[in-house]
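Here's the structure, in structure tokens; my notes come after.
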Amino acid sequence: MLRVVDFVDGHRTIKFIFFTWAGDRVRVVKKARMTTHKGSIEEWRGQAHITIDASSPADVAMDLLMERVTDASGSGSRVKPAGAAAAAAPAASAPAAATPQGAPQSQPAPASAAPSAVPSAGKKSSGRPAVARQSQGLQLADADEMSAALASVRADADATTFAVFGYESATSDVLCLKGVGTDLEGLRSLLSDDGIYYALYRTTDVYDGHKTIKFVYIYFVGDRVKIMRKAKVATHQGAAKDFIGQNHCAVEATQLDEVTEEEIKRKVQFAAGTANHVKAAAQ
């Protein structure tokens, strides 16, 4: 656990960062066993504003930690460089992914094209986000389609509030778009207890009377996923999260009752510092 200081609207605030470390030389089976301990450890260590999963010293560099803290609190700058805006333009001009009135709240993704490798550190490719970490075998079925789905979630003028990504099969390393939609129930309908999913969800929070947009990264590993599969996919999480991009907080879940408006609101407000932490007198 690390305590740092963040400044929100000129006010000095204390933030707590919790680290989980699994070194590069830790064996796959050991990593898989660790995942079963995570919930108990988080309950024992208490509240933290953000959680960092690290495997190398570069993952715990102070500038990276403060970037995560300011992203979560909303105090960081989110102005993208001109080049980044230009790269995002093709995705933004893609057909709107909003759900038509009267249609189901989630839209299954169409069949994908040949997979493309997730770019690793130092490499750039046009029309898709750069991923800061090595992909560890993760591939994207259709990077342009997937980037367009993320752009629709982030676009203020678009009604889309989520994009869900999952693997093409139970043994595949290829990540594809599973669907987009306009409400949390639609997102939940795409999650199964034998699958692994990554999602970006847009919601709102109120800070000092002002309505603000918050982006939530959701990592869902169904409780029926086999332990060796969990261990293998754990090496993909960094690359997948980098591809999805900036978010204010993360929700890691194994069951649908952990992906609710109440739980997401709690995580968002805690990360932003807008939650009420006053305990009842009996406590």
Residue within region 77-91 that is at pLDDT below 70 and open to solvent by less than 30 Å² (accessible area, probe 1.4 Å) present: yes
Test: residue in region 246-264 that is in contact with a helix residue (DSSP H, G or I) (Cβ under 6 Å, 6 or more places away or on another chain), more than 24 Å from Ala151 (Cα to Cα) and open to solvent by 20 Å² or more (accessible area, probe 1.4 Å): yes
Some residue of region 155-171 being farther than 23 Å from Arg68 by Cα, in contact with a Phe, Trp or Tyr (Cβ under 6 Å, 6 or more places away or on another chain) and not hydroxyl-bearing (Ser, Thr, Tyr): yes
Residue tally, condition open to solvent by 20 Å² or more (accessible area, probe 1.4 Å) and of a type in the set (A, V, I, L, M, F, W, C), over region 158-173: 2
Residues of region 215-255 satisfying the condition of being touching a Cys at 6+ places or on another chain (Cβ under 9 Å) and in contact (Cβ under 8 Å) with a residue 40 or more places away in the chain: Phe215, Val216
Some residue of region 185-192 being buried (at least 22 other Cβ atoms within 10 Å of the Cβ), touching a residue at least 40 places away in the same chain (Cβ under 8 Å) and not hydrophobic (A, V, I, L, M, F, W, C): no
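Table: residues versus (1) touching a strand residue (DSSP E or B) at 6+ places or on another chain (Cβ under 8 Å); (2) assigned to a loop (DSSP other than H, G, I, E, B); (3) among the basic types (Lys, Arg).
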position	(1), (2), (3)
Met146	yes, no, no
Ala149	yes, no, no
Asp156	yes, yes, no
Val164	yes, no, no
Leu177	yes, no, no
Leu187	yes, no, no
Leu191	yes, yes, no
Arg202	yes, no, yes
Criterion: outside any loop (DSSP other than H, G, I, E, B), of a type in the set (Lys, Arg) and either over 30 Å from Gly23 (Cα atoms) or out of contact with any helix residue (DSSP H, G or I) (no Cβ under 7 Å at 6 or more places or on another chain) (or both) - qualifying residue of Lys230, Lys214: Lys214
Unique match (being within 23 Å of His248 (Cα to Cα) and out of contact with any His (no Cβ under 6 Å at 6 or more places or on another chain)) among Glu185, Glu168: Glu185
Yes/no for Ala155 being within 20 Å of Val268 (Cβ to Cβ), open to solvent by less than 20 Å² (accessible area, probe 1.4 Å) and not acidic (Asp, Glu): no
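The values are calculated or read from the model by the stated rules, or taken from the named source; none is laboratory data. As the structure is a computational prediction, the values presented were derived from the model and not from experiment. For neighbour counting, all protein chains shown are included, and Cβ atoms are generated from backbone atoms with ideal geometry for every residue, glycine included. All accessible areas refer to the heavy atoms of the entire protein, side chains included, with ligands and DNA or RNA removed. Shrake-Rupley method; radii C 1.70, N 1.55, O 1.52, S 1.80 Å.
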